[in-house]
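A short worksheet on the structure shown next.
The values are calculated or read from the model by the stated rules, or taken from the named source; none is laboratory data. As the structure is a computational prediction, the values presented were derived from the model and not from experiment. Note: ideal-geometry Cβ built from the backbone for every residue, glycine included; neighbour counts use all protein chains shown. What goes into the accessible areas is simple: the full protein's heavy atoms, side chains included, and nothing from ligands, DNA or RNA. Shrake-Rupley method; radii C 1.70, N 1.55, O 1.52, S 1.80 Å.
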Amino acid sequence: MSLKRAKITGIGRYLPEYILTNKELETMVETDDEWIRTRTGIAERRILKDPDKASAFMATEAAKEAISDANINADEIDAIIVGTVTPDYFFPATAALVQKRVGAVNAWGFDLSAACSGFLFALSSGSMMIESGRAKKVLVIGADKMSSIIDFKDRTTCILFGDAAGAVVLEEADSGGIIDFVHHTDGDEECSLYQPAGGSLNPPTVESVQNKLHYIRQDGKVVFKSATRGMADVSLEIMERNNLTGDDIAWLVPHQANLRIIDATARRMGLDPQKVMINIEKYGNTTAATIPLCLYDWKDRLKDGDNVILAAFGGGFTWGATYIKWEK
Ligand code: COA
């Protein structure tokens with residue numbers, strides 16, 4: 001049996017309307033626009049204000065656009081994978097809510113928890129379903145309502161994150177498509193970037209809420225160092241495995257956590273800065289959504305045959321890179 005490959009045939013996104021600027025954050029915590037821009041590259045981020053809407057809503061909107069872009073019907077989808085750390089519920093899965101709302105009546109699906117690497121891990125899982133011949137069309141989504149787990153009084157985290165969703169449709173490729181991936185998980189740093197309560201270890205109590213244990217906690221310096229090293233190392237690893245030099249690569253699609261982390265990764269890869277997709281200034285870190293949001297913003301500039309490297313790093317720690325020979 002010859003190995004099939006998967007390729008991205010449709011891309012969609014959802015961005016909440018509300019724009020939270022650095023200037024507005026200045027009125028909420030002791031910070032300033034200049035500090036945020038120079039330390040992170042972020043100018044503004046989107047916030048989903050409607051209390052009745054959450055990750056599944058954003059995921060569904062992004063999925064509908066991706067399905068339409070791929071020019072397929074929802075009932076053709078075999079599987080749905082949603083990368084998220086802010087599911088509407090622990091169960092049922094966000095994938096089940098999306099399945100119903102887009103009308104993917106023949107699909108099974110599940111959520112995947114890998115924090116900021118969620119989209120990449122979901123993309124690889126979906127592409128392996130297609131490679132195995134078990135699925136012909138897979139919907140892969142990254143969706144996070146980060147504002148639901150952010151303490152807007154904590155200036156070390158609230159400046160970084162935003163809400164959004166991005167989605168792609170995967171189908172069989174005739175040539176090109178998703179060629180390779182390298183992914184890693186290291187649980188050594190479980191408390192360097194995490195949400196302490198809400199799970200089975202620390203179920204919600206009055207005390208856990210009073211102690212703000214349902215919000216993100218992070219050791220910014222540890223995460224910064226590990227992310228800079230991890231994203232650069234894994235990107236080089238995938239380049240070496242596939243005999244690629246910086247000149248061979250058309251685009252780097254990096255997770256958008258911090259502009260300084262992105263710049264360091266691109267430098268280690270020997271890439272011209274013009275080849276790096278960066279939109280962190282507009283959206284901040286949208287966790288599982290950053291990579292599909294970049295693909296969406298650059299979709300008209302991606303050409304068949306382009307060598308594209310996706311790279312991410314996130315809580316867990318989790319990190320990875322994926323090599324795509326672009327073919328739509
Ligand atoms: N506004 C103004 N000052 C701030 C601030 C803010 N929003 N947040 C922190 N500071 C202050 C600190 O209190 C500190 O003050 P001090 O020197 O008086 O103690 C000073 O700025 C420097 O803080 P530091 O933590 O050293 O800044 P930094 O350059 O490491 O940047 C982060 C902080 C969070 C931007 C950076 O560590 C980072 O990006 N880490 C990775 C986070 C990440 O990407 N997470 C998701 C991974 S997927």
Scanning segment 73-107 residue by residue, those in contact with a strand residue (DSSP E or B) (Cβ under 8 Å, 6 or more places away or on another chain) and under 22 Å from residue 161 (Cα atoms) turn out to be 82, 83, 84, 85, 86, 87, 94
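State which residue is farthest from the ligand (Cβ to nearest atom) when the search covers only segment 238-256 and only residues that are in a helix (DSSP H, G or I) and open to solvent by 50 Å² or more (accessible area, probe 1.4 Å). Working first, answer last.
Here is the first cut: in segment 238-256, the residues in a helix (DSSP H, G or I) are 238-241, 246-248.
This time we only want the ones that are open to solvent by 50 Å² or more (accessible area, probe 1.4 Å), so: 240-241, 247-248.
Numbers: 240: 24, 241: 24, 247: 29, 248: 27 Å.
Taking the candidates together, the pick is 247.
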Within segment 191-225, the count of residues that are surrounded by 12 or more Cβ atoms within 10 Å (Cβ to Cβ) and of a type in the set (Ser, Thr, Tyr) comes to 4
Given the conditions (1) closer than 26 Å to residue 148 by Cβ; (2) open to solvent by less than 10 Å² (accessible area, probe 1.4 Å); (3) more than 15 Å from the ligand (Cβ to nearest atom), every one holds for residue 314 apart from (3)
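Yes/no per residue for (1) in a loop (DSSP other than H, G, I, E, B); (2) out of contact with any helix residue (DSSP H, G or I) (no Cβ under 8 Å at 6 or more places or on another chain):
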site: 127; (1), (2): no, yes
site: 135; (1), (2): yes, no
site: 154; (1), (2): yes, yes
site: 169; (1), (2): no, no
site: 172; (1), (2): no, no
site: 199; (1), (2): yes, yes
site: 202; (1), (2): yes, no
site: 208; (1), (2): no, yes
Exercise. Does any residue of segment 257-265 turn out to be at pLDDT 95 or above, away from the ligand (no atom under 12 Å from the Cβ), aliphatic (A, V, I, L, M) and not in a loop (DSSP other than H, G, I, E, B)?
Worked result: no
Inside segment 1-41, the number of residues satisfying the requirement of being over 30 Å from residue 307 (Cβ atoms) and either aliphatic (A, V, I, L, M) or open to solvent by 20 Å² or more (accessible area, probe 1.4 Å) (or both) is 22
Among residues of segment 11-37 being more than 30 Å from residue 138 (Cα to Cα) and of a type in the set (A, V, I, L, M), the residue farthest from the ligand (Cβ to nearest atom) is 19
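A quick yes/no check of all residues on (1) more than 16 Å from the ligand (Cβ to nearest atom); (2) more than 28 Å from residue 258 (Cβ to Cβ); (3) aromatic (Phe, Trp, Tyr); (4) open to solvent by less than 10 Å² (accessible area, probe 1.4 Å):
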site: 111; (1), (2), (3), (4): yes, no, no, no
site: 121; (1), (2), (3), (4): no, no, yes, no
site: 129; (1), (2), (3), (4): yes, yes, no, no
site: 138; (1), (2), (3), (4): yes, yes, no, yes
site: 156; (1), (2), (3), (4): no, no, no, no
site: 160; (1), (2), (3), (4): no, no, no, no
site: 172; (1), (2), (3), (4): yes, yes, no, no
site: 187; (1), (2), (3), (4): no, no, no, no
Within segment 48-87, restricting to residues that are more than 28 Å from residue 194 (Cβ to Cβ) and without any contact (Cβ under 8 Å) to a residue 60 or more places away in the chain, the one that is least open to solvent (accessible area, probe 1.4 Å) is 74
If we ask which residues in segment 38-50 are within 21 Å of the chain's Cα centre (by Cα) and more than 10 Å from the ligand (Cβ to nearest atom), their number turns out to be 7
The number of residues in segment 278-328 that are of a type in the set (Lys, Arg) and closer than 21 Å to residue 172 by Cα is 4
